[in-house]
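Since the structure comes first, as structure tokens, the remarks are kept for the end.
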Amino acid sequence: MTIPAADLPDDARDAVLAGMARRARTRGFATPKLSFAHRNHPEDLELCAPHRMALLPLSVLRRLAGPGGCVAKAPAEMELPALSSVATILGWRFLIYDKNLLEPIAAAHAVFTDQGGYRLAELNEGPYVASFLKALQAPAVRRAISSDTDDDKPCEPLLLLAPAICFAGLWIRHQDSRKDFILPMDSSHLRAFHNVDAAQVLDALLHASIAIPSDSASAG
């Protein structure tokens, strides 16, 4: 699967491949699908769909909600900032595709190191592996990714995460932020796999953040 990525650095891909090779030699893989596939047909595994991750910490959502966590105004009246101005861009995420099964079975995260490079941080087989691929295949996403009408600057797909409120969505980010839209990956806060503009997503997440206790262990 080929999608436009924002200057994918070779170091990120190399870090994932090296990290996976190191784990295979030492303790092996803890996730069952990846463990089985690597043990039985490692030649059929490949990295695909590179995309960056964007984080919305609870502290940022609470700051946007205002003093006392008050979000009384309607979204159109709140003058919400552009999502790109409040989300923190993290490292890179790759889907691990099993050519034998014709589907992604896991995801690998490459994060920044203090030395300015990348390292493999996490391998997982959670629900956002298959759902991210499903979101990428949505008609609106395919049109946006294949379009060259945005001043010849393609949009970028990112995984948007608000971990404190268990939100994940595919964020299609354009040069002009007014064209951005997000496909939530489940229906916990917004309708899953349907386009939602960035202001609506921020509004929903702001309201959801108010219900999270201040001492929550998931405050990230």
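Throughout, read-outs are computed from the coordinates displayed, never taken from laboratory work. In this text, all values refer to a predicted model and were calculated from it rather than measured experimentally. Cβ sites come from the backbone with ideal geometry, for glycine too, and all protein chains shown count toward neighbours.
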Sort I212, I172 by Cβ crowding within 10 Å, fewest neighbours at the top. I212, I172
Tally Lys and Arg at +1 and Asp and Glu at -1 over the other residues with C-beta under 15 Å from the C-beta of G91: what net charge comes out? -3
Work out the length of the dipole vector of the stretch 126-208 about its Cα centre, built from +1 on the beta-carbon of each Lys and Arg and -1 on the beta-carbon of each Asp and Glu, and round it to the nearest 20 debye. 280 debye
Within 13 Å, Cβ to Cβ, of P50, how many net charges do the neighbouring residues add up to if Lys/Arg are +1 and Asp/Glu are -1? -3
Antiparallel DSSP bridges in the chain: what percent, to the nearest 5? 90 percent
In Å, the Kirkwood hydrodynamic radius from C-alpha pairs for the stretch 10-210 sits at 18.1 Å
Report the charge-dipole magnitude of the stretch 10-210 in Debye, nearest 20, computed about the Cα centre from +1 at each Lys and Arg Cβ and -1 at each Asp and Glu Cβ. 580 debye
Residues with beta-carbon under 13 Å from that of Q137, excluding Q137: net charge, scoring Lys, Arg +1 and Asp, Glu -1? +2
Give the peptides 107-115, 36-44, 182-190 in descending order of average Cβ contacts within 10 Å, highest first. 182-190, 107-115, 36-44
